[in-house]
Amino acid sequence: MDIILFGMQGSGKGTQGKILAQKFNLTSFDMGGALRAMIASGSDLGNKIKTIVESGELVSDDIILEVIADFVHKQSADQRILFDGIPRTMHQMTGLLELLQVNGRDAFGLLIKITEEEAVNRLTKRRICVDCKTIHPGFYEGDACKECGGHLESRKDDTDLGSIQKRIDAFKTETTPVIQAFEARDHLITIDGQQDIEAVTKDLIDEASHLFK
Ligand code: ADP
């Protein structure tokens, strides 16, 4: 069974995803990271995506589904995948579930729940390493990346309150129905994301232990 991490911006999907992937040998896929890599490539498509991402809009479902299909096709059948940042719309959910089914796979959702107030607070304070792209939470006090020593800065879409609000609104209107659909299929576990990192990890592992066997 593959795993989909759901959660509002800043809920800690990236942090928890990295821990779970390492601990349970999952191949993780981070859609935001994949899009930022496409932007960094400077291709025509990357430049188009840059404008969308920086304004806080969602990239079109067609592009997203093409990127994810390319990734899923490269995975071996027995390698479990952890998805972060997809699906964010009902159309993406249908496309992803179809793609998984065709490849003999299925996915279960884990929701890391935080309030909107906490999300805004975390986004305005977090910083990303310009070199290895690791995200550092607001409480990280160092000036250099804890992984590679690189320079830390705010993500462009995290410095603009309008962009932050747009992304949170998209989560509420576009992604909430997706989460509800997983819940209706009994394919969702919800975890309290407003605890420290270790406590969230512990809850995820305890509550979803059947997914990690
Ligand atoms: P956040 O969740 O804080 O917005 P991400 O790194 O997950 O950060 O995504 C950054 C941006 O990339 C999003 O605001 C959006 O523009 C784009 N993006 C990522 N995943 C998707 C997706 N599944 N569908 C559409 N756009 C996406």
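The values are calculated or read from the model by the stated rules, or taken from the named source; none is laboratory data. On a predicted model such as this, the values are computed, not experimentally measured, just so you know. Neighbour counts are summed over all protein chains in view; Cβ atoms, including those assigned to glycine, are modelled from backbone coordinates with ideal geometry.
Things worth noting here:
- Filtered residues of region 178-189 (kept if surrounded by 13 or more Cβ atoms within 10 Å (Cβ to Cβ) and over 15 Å from the mean Cα position of the chain (by Cα)): 181, 182, 183, 187, 188, 189
- Counting residues in region 54-73 that are exposed (fewer than 15 other Cβ atoms within 10 Å of the Cβ), in a helix (DSSP H, G or I) and touching a residue at least 60 places away in the same chain (Cβ under 8 Å) gives one or more.
- Across region 190-204, the qualifying residues are those that are surrounded by 17 or more Cβ atoms within 10 Å (Cβ to Cβ) and touching a residue at least 40 places away in the same chain (Cβ under 8 Å), and the one among them that is nearest to the ligand (Cβ to nearest atom) is 193.
- Among the residues of region 151-177, not one is within 16 Å of the chain's Cα centre (by Cα), of a type in the set (Gly, Ala, Ser) and not in a helix (DSSP H, G or I).
- Residues in region 8-22 that are surrounded by fewer than 15 Cβ atoms within 10 Å (Cβ to Cβ) and in contact (Cβ under 8 Å) with a residue 12 or more places away in the chain: there are none.
- You will find that of 114, 135, the residue that is buried (at least 19 other Cβ atoms within 10 Å of the Cβ), within 16 Å of the ligand (Cβ to nearest atom) and modelled with pLDDT of 95 or more is 114 and no other.
- Out of 100, 26, 5, 35, sole residue that is within 13 Å of the chain's Cα centre (by Cα) and either more than 9 Å from the ligand (Cβ to nearest atom) or loosely packed, with under 15 Cβ neighbours inside 10 Å (or both): 5
- Any pair with Cβ under 6 angstrom, 6 or more apart, that starts in region 117-130 at a residue that is surrounded by 15 or more Cβ atoms within 10 Å (Cβ to Cβ) and ends at one that is acidic (Asp, Glu) and assigned to a helix (DSSP H, G or I): 123/158
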